[in-house]
Amino acid sequence: MNDRPWWTDTAIYHIYPRSFQDSNGDGIGDLPGITRRIPYLSSLGVGAIWMGPVFRSPQVDNGYDISDYRDIDPIFGTLEDMDVLIETAHRNGIRVLLDLVFNHSSNRHRWFVESEHNPDGPYGDYYIWRDPAPDGGVPNNWTSFFSGPTWTWSPIRGQYYLHLFAPEQPDLNWENPQVRNEVADVARFWRARGVDGFRMDVINFISKVDGLPSIDADAGDPAGSMGRIIDSDRVLTYLQEFRSRIDPDGEVVLVGETPHIAPDDARRYTARESRALDMVLLFEHVMLDHGPGGRWDPVRWRPDALASVVAAHQRLLAGTSWPSLYMGNHDQPRIVSRYGDPVAYRVRSAAALATYFYLQRGTPIIYQGDEIGMANLEIDSPEQLVDVESSNAYRDLVDRQGVAPDEALRRVRDNARDNARTPMHWDGGPHGGFMPDASGDGDGDGDAHPWYPVHPDAARWNVAAQESAPADRSVLAFYRRLLRARRTSEPLRSGEFAPLAADGPVLGYLRGAHDSEALVIANLSGTGAPVPPDGRTQISRATDWQVLLTTADLAANLEESPDGADESGVAANADEPGQRSPLADLAPWEARVLVRRLA
Ligand code: TEU
Ligand code: CA
């Protein structure tokens, strides 16, 4: 096996297809739209894309409910469109990952329809069917990620079926060897069409504990106890079997989405010698603002807690495992609104967070729009909650828990998935350039509208504006520099990770390679701060540290001039970060990257 597989040496760009680029004016992003934007992605400097599910689906959960794994949903295009996309991406040096959702299918999948109507037929055991409990109720007390019980009664079959997510997403029965054959066949189908890898949705949930016993539901987060319903040994066995069937040559990258995974499982699933997954998507760092009541009980996050989680994840995956590095995705609010300062320091805090997260050991996975500093959608009415999870959560709080509507909205709005699903901002034209203007008169008043409203700030925060702005006002220009720095600096590519002790909001780490080292120090606050003691100790070891990058070169926000800017608005030393003293105090939201060669 290659010592340095391609996916450890690149960044992945995560596309939410329905919100990326609409090519035909129906208001829904599609495959030709993605193909059109491949040059943009290669100019950004990413080596791979991961697309959310584009397979045939009733779209109850925006494609995470698949009714045909071998076809493209007509809203996204055709199989031919996918072939063109893959071919175009490859020609531009970009690999393609698809999102396989195998823990569950849609209830409209042929397998489920057959299973429901014909218990003794070939598909009878493809799903998890149970008789009612002795009292006639649901078989156990498990609660769905999307509120309510995990069981739905089928009058047709006269049994309950299990669904960890919506009732329209019945869980597949991986204990059935035929199900495991089917899913491997699907992966081989896409592999044969040129796909380079897969993101595997909630893959740690594919095998449930024998007997499906009730659990002592935690008082708080309804999903908090979900980790206990998993048979993780069997999950590992099934993943190894899957890998050996679809990837005899060790060329496919498998990224597992693994909510609530036990640390030991994260390590063993990703250890090179396990031949199971290549990376996992861990969650602790995107739960720092969850209170005792979980996602809908928001609390203030603490930078020192972030430092602890980062250090723990890095320690867990040191050695033979390889981490993934993500700040947000289609299930999380926008990072600049969540951990940054979207009002006073939008440019600089977006850049500082990217620096802190993406220069760790691992593969960055950049969520579309973060590279231009897209922010949460100020949700102020329940009608803006269109996602199945957030709208169910709101209804559950109001109808079942008796929470006042205003309070329920306050709890749901900031962490709602809808925030991250607004259409991408390409330019300052109608609908942010997300869709062609149907009427053609350029006023954006055509009949069609984006499936979800474009963020009102698209006219100012968009790709075109940031491409033409001075580099110090462009999150995008900074991302390009950051990704270039990662590609060209040996310690940032491959160095080991050692955390610095957090000092209030100032976090950092050292990356040590055999012939060079890098130091990353990030002030995640709007107040200037000295280099923390641990950082000083590291810097004082040598006199030849060079400043490779600093976000202090950037304007705090679009309106502001950077410190020391001349009249043209360009920072005096924007192109020469090396002139800055390594030990100078950190500016507000400054992330500073130092490098040196070892003798
Ligand atoms: O998400 C799984 C998951 O556990 C979450 O992060 C989930 O979205 C939820 O927000 C937890 O509170 C994956 C997909 O990424 C998500 O979009 C799907 O809705 C889900 O699986 C079901 O397929
Ligand atoms: Ca479209």
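Might you check whether a residue that is more than 16 Å from ligand 1 (Cβ to nearest atom) and under 27 Å from the mean Cα position of the chain (by Cα) occurs anywhere in region 95-118? Yes, there is a match, as at least one residue in region 95-118 is more than 16 Å from ligand 1 (Cβ to nearest atom) and under 27 Å from the mean Cα position of the chain (by Cα). The set of residues from region 279-309 being without any contact (Cβ under 8 Å) to a residue 12 or more places away in the chain and within 16 Å of the chain's Cα centre (by Cα) comprises just one member, M287.
Within region 1-42, track down each residue that is out of contact with any Gly (no Cβ under 6 Å at 6 or more places or on another chain), within 16 Å of ligand 1 (Cβ to nearest atom) and under 19 Å from R56 (Cβ atoms). Selection gives I15, G29. Taking region 574-599, which residues are modelled with pLDDT under 95, part of a loop (DSSP other than H, G, I, E, B) and closer than 21 Å to Q466 by Cβ? Selection gives A574, D575. Residues satisfying the criterion are absent from region 44-54 (criterion: open to solvent by 40 Å² or more (accessible area, probe 1.4 Å) and within 14 Å of ligand 2 (Cβ to nearest atom)).
Test G33 against the criterion of being open to solvent by less than 10 Å² (accessible area, probe 1.4 Å), free of Cβ contacts under 8 Å to residues at least 24 places away in the same chain and either outside any loop (DSSP other than H, G, I, E, B) or within 16 Å of ligand 2 (Cβ to nearest atom) (or both), and give yes or no. I'd like the intermediate steps shown before the answer.
Values: open to solvent by less than 10 Å² (accessible area, probe 1.4 Å): yes; free of Cβ contacts under 8 Å to residues at least 24 places away in the same chain: yes; either outside any loop (DSSP other than H, G, I, E, B) or within 16 Å of ligand 2 (Cβ to nearest atom) (or both): yes.
It is true that G33 is open to solvent by less than 10 Å² (accessible area, probe 1.4 Å), free of Cβ contacts under 8 Å to residues at least 24 places away in the same chain and either outside any loop (DSSP other than H, G, I, E, B) or within 16 Å of ligand 2 (Cβ to nearest atom) (or both).
A single member of I75, I66 is assigned by TED's automatic domain parsing to the domain that holds G45, assigned to a loop (DSSP other than H, G, I, E, B), of a type in the set (A, V, I, L, M, F, W, C) and open to solvent by 10 Å² or more (accessible area, probe 1.4 Å), and it is I75.
Suppose the filter is assigned to a helix (DSSP H, G or I), open to solvent by less than 10 Å² (accessible area, probe 1.4 Å), out of contact with any Lys or Arg (no Cβ under 9 Å at 6 or more places or on another chain) and away from ligand 2 (no atom under 16 Å from the Cβ); does L85 pass it?
It is false that L85 is assigned to a helix (DSSP H, G or I), open to solvent by less than 10 Å² (accessible area, probe 1.4 Å), out of contact with any Lys or Arg (no Cβ under 9 Å at 6 or more places or on another chain) and away from ligand 2 (no atom under 16 Å from the Cβ).
One residue alone among Y238, Y160 is modelled with pLDDT of 95 or more, in contact with a Phe, Trp or Tyr (Cβ under 8 Å, 6 or more places away or on another chain), surrounded by 20 or more Cβ atoms within 10 Å (Cβ to Cβ) and assigned to a strand (DSSP E or B), and that residue is Y160. Within region 99-120, being of a type outside the set (A, V, I, L, M, F, W, C), outside any loop (DSSP other than H, G, I, E, B) and closer than 20 Å to P177 by Cβ holds for H104, R110, E114, S115.
The values are calculated or read from the model by the stated rules, or taken from the named source; none is laboratory data. Since this is a predicted model, take the numbers as computed values, not measurements. Positions of Cβ are generated from backbone atoms using ideal geometry, with glycine treated the same way; all protein chains shown enter the neighbour counts. Just so you know, the surface numbers come from the protein's heavy atoms only, side chains and all, with ligands and any DNA or RNA stripped out. Shrake-Rupley method; radii C 1.70, N 1.55, O 1.52, S 1.80 Å.
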